[in-house]
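K.L.:
Before I ask anything, here is the structure I am working with.
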Amino acid sequence: MKNYEKVKSLKDRIKLLRSNTIQKILKSNPKKIDHPISFWIKEDRLRNEKGKEFTIILRTRGCSWALGDNGGCSMCGYLQDSYMNKVEDKYIIQQFDYAFQKKIEEISNSKENFSIKLYNSGSFLDDDEISEEARYKIFKKIAEVPNITEIVIESRVEYIEEFKIKQLTRILKEKYLEIAIGLESTDDYIRNNYINKGLVFQDFINSIKLLKSCNVGIRVYLLLKPPFLNEQAAIDDCIKSINELIDLKVNTISINPVNIQKDSLVEYLWRQNRYRPPWFYSLFKVLREILKTHSNLNSIRLISDPSGAGTKRGIHNCLKKECNNLMINVLKDFVLNQDAKLILDKENYSQCDCLIKYRLQKDHILI
């Protein structure tokens with residue numbers, strides 16, 4: 001890692017880390033491409049009710065942004081799960097079928113409605129990851145299951161094209177399709193200089209207009225505490241971003257607190273004690289401010305499902321189990337029920353003595 005210190009720009013630093021990651025992956029044992037990375041069923045908040053989600057993470061060649069000349073995003077380590085080379089359609093479909101057949105009986109026999117979330121650590125609409133034919137065959141099978149009522153896929157805006165969207169909605173007929181976009185922040189400077197997202201806000205606006213014209217839902221991911229922002233700046237940026245997205249009338253806003261992912265720039269900073277994942281207190285402050293300002297969010301879902309919550313690599317307060325578990329449980333109840341009282345009433349969640357340390361760090365420490 002000595003060469004890392006000689007690199008000046010953020011983009012070059014990310015590219016060097018990413019290059020090292022790619023070399024390690026290529027030298028490691030080949031990954032299975034006929035099985036998905038992971039799949040599961042759990043409780044979820046659907047548009048107007050509590051239900052369940054069926055999540056499948058497909059293994060593809062990997063995110064084109066991360067594999068390209070720009071090196072990807074500063075907080076992302078999902079390249080670890082990638083195959084690096086093109087994965088043929090038959091294997092993509094085998095991955096989906098493997099998870100689908102394992103869970104279809106449970107889904108079909110359930111009295112609850114389901115959302116199905118298809119992730120591939122990149123863009124579902126990127127033909128270099130998942131072809132048009134593979135998307136068609138996967139969606140045809142989903143369309144045949146009555147109680148899968150919502151479908152969520154992720155994509156960078158450059159792959160969101162009208163003919164792709166219309167093809168998918170024709171297959172799904174009356175089912176609700178929501179496209180998730182990792183905007184991370186409405187601030188162009190933060191998004192592109194601290195996260196290296198390679199996305200300008202106007203392009204995001206253009207994608208929103210296209211999706212609305214196709215009668216497709218919009219889910220937006222916001223990053224809580226990108227690198228190089230302290231706790232208070234992260235809170236301010238997240239609140240500002242949510243308010244702007246509410247004005248744009250997106251359908252779902254998902255707040256994603258940074259977690260320390262392997263071989264990312266954020267991990268490098270974290271190992272140097274130059275970055276700390278956000279505190280739960282900060283996430284709850286963001287939620288409180290939004291819910292106080294917007295007492296009725298109408299059709300907008302406000303959600304957060306943090307990875308690694310309560311661990312040193314994920315969002316946490318102190319490392320006392322009872323402190324973090326209380327926050328995790330309140331957050332889960334809020335997301336499922338969309339009940340503002342759970343967040344607005346501070347008596348519902350942790351009053352641990354680490355709150356004093358948090359206030360000192362938030363106001364006076366840079367990381």
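K.L.:
Taking the Cα centre of the range 82-205 as origin, sum charge times position over the Cβ atoms of Lys and Arg (+1) and Asp and Glu (-1), and report the length of that vector in debye to the nearest 20.
P.N.:
440 debye
K.L.:
How many nm is it between the label spots at residue 166 and residue 136, if each spot is 7 Å from the Cα in line with the beta carbon?
P.N.:
Label at residue 166, label at residue 136, 1.6 nm between them.
K.L.:
Take residue 356, project a point 7 Å from its Cα along the Cβ direction, then tell me which residues of the range 319-334 have their backbone nitrogen under 18 Å from it.
P.N.:
Of the residues in the range 319-334, 319-320, 323 have backbone N under 18 Å from the label point off residue 356.
K.L.:
Still on this structure, please answer the following. What does the net charge come to around residue 61 if you take all other residues with beta carbon closer than 12 Å to its beta carbon, with K and R at +1 and D and E at -1?
P.N.:
Every neighbour counted, the sum reads -3.
K.L.:
Which residues in the range 21-54 place their backbone N less than 12 Å from a point set 7 Å from the Cα of residue 88 along the Cα-to-Cβ direction?
P.N.:
Only 34 fall inside the zone, counting backbone N under 12 Å.
K.L.:
On to the next question. Choose one of 148, 118, 358: the residue whose Cα lies farthest towards the positive end of the charge dipole of the chain (beta-carbon charges +1 Lys, Arg; -1 Asp, Glu; about the Cα centre).
P.N.:
Selected residue: 358.
K.L.:
Going by Cβ distance under 4.7 Å, what cysteines of the chain have no possible disulfide partner?
P.N.:
Isolated Cys, the chain: 63, 214, 238.
K.L.:
Sticking with this structure for a sec: Using Cα pairs under 8 angstrom and six or more residues apart, how large is the relative contact order of the chain, in percent?
P.N.:
Computed value for the chain: 14 percent relative contact order.
K.L.:
Sticking with this one: Can you tell me what share of the DSSP beta bridges in the range 2-364 is antiparallel? A percent to the nearest 5 is fine. Let's see the in-between values first.
P.N.:
On the way: 8 of 39 bridges.
Bridges in the range 2-364 that DSSP calls antiparallel: roughly 20 percent.
K.L.:
Tell me, in nm to one decimal, what length is gained between residue 322 and residue 174 on full extension, where the rule is 0.36 nm per residue of separation less the Cα-Cα distance?
P.N.:
Result for the pair: 48.9 nm of gain on full extension.
K.L.:
If you don't mind, there's one more thing I want to ask. What full-extension length gain, to one decimal in nm, is calculated for residue 24 and residue 42 as 0.36 nm per residue of separation minus the Cα-Cα distance?
P.N.:
Values: separation 18, 0.36 × 18 = 6.48 nm, distance 3.32 nm.
Going from the current span to full extension adds 3.2 nm.
K.L.:
Grab the Cα-Cα distance for residue 203 and residue 32, subtract it from 0.36 nm times how many residues apart they are, and report the gain in nm with one decimal.
P.N.:
Extra length from residue 203 to residue 32 when fully extended: 58.0 nm.
K.L.:
Now for a different question. If you take the beta carbon distance between residue 193 and residue 329 as r and set R0 to 41 Å, what does 1/(1 + (r/R0)^6) give as a FRET efficiency, to the nearest 0.05?
P.N.:
0.70
K.L.:
Note down the magnitude of the dipole of the chain about its Cα centre, charges +1 on Lys and Arg C-beta and -1 on Asp and Glu C-beta and zero elsewhere, to the nearest 20 debye.
P.N.:
880 debye
K.L.:
What does the charge add up to near residue 339, with Lys and Arg as +1, Asp and Glu as -1, over the other residues with Cβ less than 14 Å from its Cβ?
P.N.:
+3
K.L.:
Viscosity 0.692 mPa s, temperature 37 °C: give me the Stokes-Einstein translational D for the range 2-364 in µm²/s, with Rh taken as the Kirkwood radius over C-alpha pairs.
P.N.:
154 µm²/s
K.L.:
Among 111/175; 86/262; 164/212; 137/197; 52/117; 52/197, which pairs are too far apart, with a Cα-Cα distance over 19 Å?
P.N.:
Beyond 19 Å: 86/262; 137/197; 52/197.
We did not get these values from a lab; they are worked out from the coordinates using the rules stated. As the structure is a prediction and not an experimental result, all values here were calculated from the model. Every residue, glycine as well, gets a Cβ built from its backbone with ideal geometry; the counts of neighbours run over all protein chains shown.
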